[in-house]
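For reference, the structure is listed below as structure tokens.
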Amino acid sequence: MTNTPNDNTAADTTDDGLIEFVLPEDLPHQLVIVKDDEDTIVARPLPMFTDELLPPFILGETDIRVELSHLVMLQNAAIALLAQSKREILIVTPDLEHARFDNDEFINALSAFSRSSRYTVTRLLIANPSMAVTEGHRLVKLARKLSSLIDIRQLHDDDIDVSQPQAWIVADDIGLLRCTNRDPWQGSLLPKGTPYAQQARTRFMEWWERGAEIQDFRELAI
């Protein structure tokens with residue numbers, strides 16, 4: 001007598017190529033996506049306008065020239081530009097100017113601008129980075145933390161004028177902040193200085209192409 005296989009117990013040998021995925025039992029009930037610091041939106045600082053320190057202005061609209069006669073005015077002007085800029089900040093500095101840039105107010109403003117949009121551009125050119133390397137600098141620490149958002153290069157020797165050190169900020173190809181003297185601190189601000197800002201930006205981009213990465217900044221301990 002021949003035994004006939006029972007259809008209910010016969011093994012199914014069909015292989016459709018699919019692999020069953022079983023979820024681990026210890027998965028959390030809710031998945032949370034944790035963003036990197038570079039993606040964290042930071043509140044932009046409010047410009048501190050006063051008659052004594054910095055007259056009110058709107059970047060790209062207020063057509064005035066502001067003479068800056070001391071350090072606090074230069075600091076406030078830089079923060080006000082960072083607070084109002086939307087696309088691009090270009091900075092040229094002899095040595096990262098500790099007095100102007102190595103403070104929490106400026107660093108927070110630069111950090112907030114750099115992280116305000118995925119399309120913002122933040123670039124710095126430094127003539128001599130040795131002081132920032134030996135003494136440390138908050139801006140270097142920030143640039144390492146936000147390495148994909150803030151770029152720093154050293155000026156080529158051919159682009160350094162020792163007799164007249166370059167120190168200026170171009171904001172959105174519109175505003176131009178210049179530091180013309182450190183003893184005493186002096187400078188000027190053009191909130192709507194488009195032709196001058198464009199000339200400075202063109203020069204910056206030429207220098208940027210010849211600039212070099214600062215290896216000491218990458219190796220500097222935070």
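What the table below lists for this structure:
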| read-out | value |
| --- | --- |
| Residues of segment 111-127 that turn out to be under 19 Å from I79 (Cβ atoms) and either out of contact with any Phe, Trp or Tyr (no Cβ under 8 Å at 6 or more places or on another chain) or without any contact (Cβ under 8 Å) to a residue 12 or more places away in the chain (or both), as a count | 9 |
| Condition met for D151 (among the acidic types (D, E) and touching a Phe, Trp or Tyr at 6+ places or on another chain (Cβ under 8 Å)) | no |
| Odd one out for Q164 among (1) within 29 Å of S117 (Cβ to Cβ); (2) at pLDDT below 90 | (1) |
| Flag for R100 being of a type in the set (D, E, K, R), buried (at least 17 other Cβ atoms within 10 Å of the Cβ) and part of a helix (DSSP H, G or I) | yes |
| Scan of segment 181-222 for residues that are exposed (fewer than 14 other Cβ atoms within 10 Å of the Cβ), outside any helix (DSSP H, G or I), more than 20 Å from the chain's Cα centre (by Cα) and not charged (D, E, K, R), ordered by number | N181, P184 |
| Among (1) in contact with a Ser or Thr (Cβ under 6 Å, 6 or more places away or on another chain); (2) under 24 Å from K192 (Cβ atoms); (3) of a type outside the set (G, A, S), the one test that I126 misses | (2) |
| Residue match in segment 128-141 (condition: without any contact (Cβ under 8 Å) to a residue 60 or more places away in the chain and either crowded, with 20+ Cβ neighbours inside 10 Å or in contact with a strand residue (DSSP E or B) (Cβ under 7 Å, 6 or more places away or on another chain) (or both)) | yes |
| Residue satisfying condition, being within 16 Å of L82 (Cα to Cα), in a loop (DSSP other than H, G, I, E, B) and of a type in the set (G, A, S), within set S148, S117, S163, S111 | S117 |
| Pairs, first under 15 Å from E61 (Cα atoms) in segment 165-181, second crowded, with 19+ Cβ neighbours inside 10 Å and of a type in the set (S, T, N, Q), C-beta under 6 Å, six or more apart | A171/S85; D172/S85 |
| Residues of segment 185-219 that turn out to be modelled with pLDDT under 95 and under 20 Å from R100 (Cβ atoms), as a count | 2 |
| Among (1) assigned to a helix (DSSP H, G or I); (2) at pLDDT below 95, the one test that A83 misses | (2) |
| Criterion violated by L177 - all others in (1) out of contact with any Ser or Thr (no Cβ under 8 Å at 6 or more places or on another chain); (2) crowded, with 20+ Cβ neighbours inside 10 Å; (3) in a strand (DSSP E or B); (4) of a type outside the set (F, W, Y) satisfied | (1) |
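The values are calculated or read from the model by the stated rules, or taken from the named source; none is laboratory data. Keep in mind that this is a model prediction, so the values were computed, not measured. Positions of Cβ are generated from backbone atoms using ideal geometry, with glycine treated the same way; all protein chains shown enter the neighbour counts.
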